[in-house]
Amino acid sequence: MMTVMNELVKRLKEGEEEAFALIYSHLETPLINHLFKMLGSIEKAQEIFQETMLTLIKKINHYNYRGDLNNSFKAWVFRIGTNLAIDEIRKKKEVLFEHIPDVEVTEVNTVEVNDTKNRINELIMLLPVVQRTFLNLKVNEELSHNEIAAICSCNINTVKQGLFRARKTLKDILINEGISI
Amino acid sequence: MTNHPSLKQLQDFFENEKSNFDNDQLKKHLSGCDKCSVILSEMAKVDILFSKTKETVEVTELVKNETLSKANTLLSQIRSAKNEKVERKEKRIEKVTNVITDINEIRRNALNELKLPVLQAAAAMLVLGVVTEYSRTSIETEEYKILNDEVTVVYSELQGDMNEDN
């Protein structure tokens, strides 16, 4: 996969539209869902998604695969997206990766939804953004602690601590909502 | 194993990350420890629930088309820039080739006619001056190297001639 992706990156650097279309189709779903998990808004996620894909092209000459996982193309693109999403969140003055707050779970007010998936999504949005970002990158994107740390520009211990707290907080939220785990 | 593993060690084990805790020892501990097994089981259940939201959102057709359209404009600019760069390089190579031709011309016609060592040296310095000035303006390292090599050859030949004359 890495070789195929490297070949596509090489072609993209030459300005090949087909290469971009293939990279786009590979990253579309994971990236939009990652951004949605961070931003909690479909509209904002779509906006930042587009910005990420265009920034990818503008900065493609800065990307050089060095052979380590921290520098995988996917992690590189996710980092661009994450930074753009952080900028967006910072406009709301929300504190991000500098420290990980513990969340006291009280009564949860969620919109009543029938679909379990949507309901869980609503509950996930109650997690602090940093925790749901870590959890998404770990569980859904199956990235290593190293890769997550590289994407979020933080150290591995912050990632481990964040993941631990995310699971604990989510467990409390789910139990509080009457969802058995 | 008498002591419980730390939560960090359990998490590392759960996530298959490198841990300083011996996995076989930990597995053995888990087989006899309900408390630790429950912690791991809860981690797994939370992750399973979380993973149900993996593909919640899709990029809308409108955003997709707009992104691809804007991307194609950018890519077209990249291709144009690349073509311009190639053209510039070709022009520079042509210039360098012309300078080399001129140097050879000087070597064949003018320098060989000069008998006085002082004049030969002056002519060589003139050639060097032209090349140095030319390299200062726009040519790339690789092209300069070709020129420099050429000048070195001319200069060596001149020195050889001068020595013979002396």
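We did not get these values from a lab; they are worked out from the coordinates using the rules stated. Treat the numbers as computed from the prediction; the structure is a model and nothing was measured. Positions of Cβ are generated from backbone atoms using ideal geometry, with glycine treated the same way; all protein chains shown enter the neighbour counts.
Sorting B:CYS33, A:CYS152 on the 10 Å Cβ count, fewest up front, what's the list?
B:CYS33, A:CYS152
Quantify how much of the Cα-Cα distance distribution of region B:1-103 extends past 17 Å, in percent.
Summing the P(r) tail past 17 Å for region B:1-103 gives 73 percent.
Which pairs, out of A:LYS59/A:LYS92; A:LYS10/B:LYS91; A:LYS74/B:LYS45; A:LYS37/A:LYS92; A:LYS58/B:LYS54, put more than 20 Å between their alpha-carbon atoms?
Those over the limit are A:LYS59/A:LYS92; A:LYS10/B:LYS91; A:LYS74/B:LYS45; A:LYS58/B:LYS54.
In what sequence do B:HIS29, A:HIS62, A:HIS34, B:HIS4 fall when counting other Cβ within 10 Å, fewest first?
A:HIS62, B:HIS4, B:HIS29, A:HIS34
Just tell me which lysines come within less than 16 Å, Cα to Cα, of B:LYS85; anything on the same chain fewer than 8 places away is out.
Correct list for B:LYS85: A:LYS13, B:LYS95.
Net charge near B:ASN98: determine it from the other residues with C-beta under 11 Å of the C-beta of B:ASN98, scoring Lys and Arg +1 and Asp and Glu -1.
0
Hey, fewest Cβ within 10 Å first, where do B:SER80, A:SER144 land in order?
Arranged by neighbour count, lowest to highest, B:SER80, A:SER144 become B:SER80, A:SER144.
Provide the gained length on full extension for the span B:LEU62 to B:ASP34, in nm with one decimal, where the gain is 0.36 nm per separating residue minus the Cα-Cα distance.
Working it through step by step, the gained length comes to 4.8 nm.
Less than 16 Å apart at the alpha-carbon level, and either on another chain or at least 8 residues along: which lysines does that give for B:LYS64?
A:LYS44
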